Amino acid sequence: ERATPWSGSSDQLVLGIPPLAPPLQRPAAPAAVTAAAVAVERCGASAVASNVTSFQVEWAAGRPAAMLRWRHFHACPSRVAPRGLSLCLRRVAYRIRMERRYGEDSPWVSLQVGDSVTELTAHQQMSCEVPELDEKFEHIFHVSASWVDAPTLLRSREWSPELASPILQARPPPELSAPGAPSAEVRVAEHEGLFAQLQWKHLASNGRQHVCCYQLQFLCVCLPGQGPKPKLAEDQEEWCLEPPTLLQEEAENAEFHATGTVISKIWGLRAGATYRFRVRVGDGKRLWSHWSDSSIAVQLAVGAPAPQPGDVLGATLEPLGDADGSGEGDSSTNVTRAARLHWRPFRSPSGLCRIEYRIMMLEWSAHEQGQAADNTPEQTLLARLRRANKRSRSTGQWPAGEHRFRIVGYISSDSSSGNSSSKAAHT
């Protein structure tokens, strides 16, 4: 038997699952090459540098997140998969991790981000958003790939070499907007005494601005019994600072949830002194807004109750009977009359409910005004007062002749109830 010499050997063929490799590199701009080289130097020889075409990373607009984009990893041609295993090479899992550092003098810290499974299709670009990043740090992201359904025994390794992104530079945090000037009023608590209550509109958080706390300060502009303090430059004013307060403490405040109004109280202020207040908001990362405009100056004192706008004092005369109680006296001599007064509760600017009213009466002689008093029981006291007031306006003076103010009495009432009324008898 004769045989030809053996032919040359074929290329080496390894049976097994072809490993995944990062996308093929393409020429990149010099700046991208420099950033990729820095990333590879940081990560070591096992990493593969990326460029702007294979791995892109940038900050998301309006939120503290990074947007990652890369092309699919491909199967290496050095190994051929046995027939019938093509169905196992359709799905790819990508593993993402990141490293970050705070400034060039700080070490890099590695953190696992997560995994993603996708179908391996041609010309498809992968994308991923990494949320809740601290924008003060620099970041590098790494992606590696693995077959999802391939048998483990036929794999040469579990995960491919990592593809390293360029360095994502730190981004300056956004400036928090200052709230509007707070409105201040003096309130009274039953056991704690006087305090200042402030209100202002809460600034809704957006993507990069997450307001979670606030801080108050106050300035004494006038001490009790003294004149106003000299006006100083803003940087020379002696503002007193309150400790920061978390907005979580407003969770039980129904008005905060309904209208977004923040209500805060300041205790320990000096009674009789006059104060102005300011507020600022923070994001919990030691970033504060500018101080708001100051509030209107308010004096820490209890203001007098005042009638409701448009209210009038209702008054009518009622015959009660004879002065001796017999009920048969002469209506022109012994009849005792009573004035019934009725009014709505006065407003208390300090939130007090228990109010004492002092009732006073102006007395004068109608005969000396040139008109006899009308003593008919049907005539109302209010009409008589209006008549007298009209006569006094015509002369620009009080009623002529003898007149006087007389305190009739006092009455206490709870302003949270309905209409208040009083009855006073006079002859």
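The values are calculated or read from the model by the stated rules, or taken from the named source; none is laboratory data. Just so we're clear, the structure is a prediction, and the values are computed from it rather than from any experiment. Using ideal geometry, Cβ is built from the backbone for each residue, glycine included, and neighbour counts are taken over all protein chains shown. Note: accessible area is taken over every heavy atom of the protein model, side chains too, but ligands, DNA and RNA are not part of it. Shrake-Rupley method; radii C 1.70, N 1.55, O 1.52, S 1.80 Å.
Ordering SER177, VAL92, VAL143 by Cα displacement along the dipole of segment 69-210 toward the positive end leaves VAL92 in first place; charges were set at the Cβ atoms of Lys, Arg (+1) and Asp, Glu (-1).
Surface composition of segment 99-238: carbon and sulfur make up 51 percent of the accessible area, probe 1.4 Å. Exceedance of the 26 Å cut-off in Cα-Cα distance is limited, within the set LYS201/LYS285; LYS201/LYS265; LYS231/LYS285; LYS229/LYS265, to LYS231/LYS285.
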